[in-house]
């Protein structure tokens, strides 16, 4: 693919250098080793000034990005299979987002919606009401991050139901605040040493077909029955305000429950007067080939949390739910100084326009059609991939050292990841056991870059297994 169409001349007409930075050829370039000398020097500045608690998976410092390419300060151009953890779904350099942000910044950057409101906030809430599952009347509240959205969804559920207990699932990830750490299953690096955590949080086994003890064919029925029995025995339905679940788990390893599990869980919650919260922060907004991952089963949650891909890279999150639930909270009970910032809201409207007009759900499904066959080829050739799973442009492979025992192979996962990085492919690992690769390319990525990235992945496996 050649240089992208010139859509930037109005942005910096009198600055040729800035204009050139915006025009990124969709091509991998290795100008130096990865990381290059300038990035290595920059990393020393990071180590001297940034808390050691803030980690960096690949210490290359990015100066510009567009669609499927990230360009670093050494002139390397890397293929992006991570999208900033599913954030830049509409692609960096998206012209609609650029134009919307520039217009809004020129108008005003902040007033605080709780002080003097503005239309952009309303626009986002109206769009979320139209796009989230269900035909019922809805309301939304906007925040800054996924963790804030989850935390506020829990607040809403407790007020609306007048119950306290919250049920979450093994392998789940819901954020890094105190309450969302309590919901999150994985200890390192998210929870270790940070307790005590919020109370009245209960965890149940996740329907994890690949690792279900009696086999994938029994996972649906046994996981659902076990979930219900555990809640009844250890918590009591009448005490549960909400059950929260990622329809496809993210950090926990892109675990996809068997078809029917979400439907059964949502119906059981409805029958018991328990709210069903879909955490769609990573899986939502076209990522899985549907607007929301729950759409695959036609599930209509009571509350939906969104963030990540919502605003094209700007910080914005939302809770959208049934009007009577959202309106149960007293005036002033929801909000935040920056929540629903006007610039982020403008970016969100532009990003949602791109998702609709550019048919990004279909593009996510096309990405799946490209990636899955190659992952199966690599699995057949290497014998170290125990499971391939996911939907759309949210796909994963789980690496094991023994196909029968399904022993997690975190060391090999790290070695393949390192080899990908050295070749100019940005990859991400995840999983409770650190043995899962997740693939989250921008939905606008060129097909030739997808193929090249998969070639690099293949080479990385060969190197790591040599």
Relative exposure of 455, 380, judged by other C-beta atoms within 10 Å (fewest first): 380, 455
At 7 Å along Cα-to-Cβ for each site, give me the label-to-label distance between residue 191 and residue 41 in nm. 4.4 nm
Rounded to the nearest 5, what is the percent of antiparallel bridges among the DSSP beta bridges in the chain? 70 percent
With a 10 Å Cβ neighbour count serving as the proxy for reagent exposure, in which order, fewest first, do 378, 105 appear? 105, 378
Contact order relative to length of the chain, as percent, for alpha carbon pairs under 8 angstrom and 6 or more apart: 21 percent
Given an 8 Å cut-off on Cα distances and at least 6 residues of separation, report the relative contact order of segment 98-357 as a percent. 30 percent
Please work out the Cα center distance from segment 382-400 to segment 423-466, rounded to the nearest Å. 11 Å
Hey, what number do you get for the chain at 222 nm if only DSSP H runs of n ≥ 4 count, each worth -39500 (n - 2.57), divided across all residues, to the nearest 500? -12000 deg cm²/dmol
Anisotropy class of the chain from Cα gyration tensor, a/c 1.5 cut: oblate
Which of 191, 138 has the fewest Cβ neighbours within 10 Å, and the rest in rising order: 191, 138
Where the centroid of each part is defined by its Cα atoms, how far is segment 50-93 from segment 363-380 in Å? 23 Å
Segment 61-93 scanned against label point 7 Å out from residue 447 along Cα→C-beta; backbone N under 15 Å for none
Taking Cα centroids, how far is segment 319-353 from segment 283-315 in Å? 15 Å
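No value in this document is a laboratory result; all are computed from the given coordinates. Remember, it's a predicted structure, so these values are computed and weren't measured experimentally. FYI the Cβ positions are ideal-geometry reconstructions off the backbone, even for glycines, and counts take in every protein chain you see.
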